[in-house]
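First, the structure itself, so that you have it in front of you.
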Amino acid sequence: MSIAVKRIYEPATKVDGYRVLVDRVWPRGLKKEDAGLDVWAREVAPSTALRQWFGHDPARWECFRHRYASELDAHTSFWQPLATRAERHRVTLLYSARDEEHNQAVALKMYLDNWIKANGVG
């Protein structure tokens, strides 16, 4: 299993493997043809209401993670293909936020890693 997290503004590399943008809105100032994406998985991103509530406030991080996990629990068909792909191939979750520690890609990676570990996958 191999899941990585990377800011979409960083150059794409072969090491990235399958590149997935997990933002609900398109990153500012980035042309789609320059993104080097395999897929834009908007449906995996936090809901607009949750994203706006969080506002990348580190004080809300733990609560955000739990609320986001609840959203993911309700929509397994959105994220399960990423977990399945990560069993055999590297998947890089891309985000546009400036905060490299408190963003949806980090939370999603934690969620997927926990799910894969609990299910004996990878």
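Can you find, among Ile116, Gly55, Leu30, the residue farthest towards the positive end of the dipole of segment 2-118? Put +1 on the C-beta of Lys and Arg, -1 on that of Asp and Glu.
Of Ile116, Gly55, Leu30, it is Leu30.
Would you mind telling me the antiparallel percentage of the DSSP bridges in the chain, rounded to 5?
On the way: 0 of 12 bridges.
Counting only bridges with both partners in the chain, antiparallel ones make up about 0 percent.
In segment 41-119, what trypsin sites (Lys or Arg not before Pro) fall in a loop by DSSP, with at most 14 other Cβ atoms inside 10 Å? Don't skip to the answer; put the middle values down first.
Values: sites: Arg42, Arg51, Arg60, Arg65, Arg67, Arg85, Arg88, Arg90, Arg98, Lys109, Lys117; in loops: Arg88, Arg98.
Passing sites in segment 41-119 are Arg88, Arg98.
A short reminder: the numbers here are calculations on the coordinates, not readings from a lab. Here the structure is a predicted model, which means the values were calculated and not measured. Methodologically, a virtual Cβ is constructed for each residue, glycine included, from the backbone with ideal geometry; neighbour enumeration extends over all protein chains shown.
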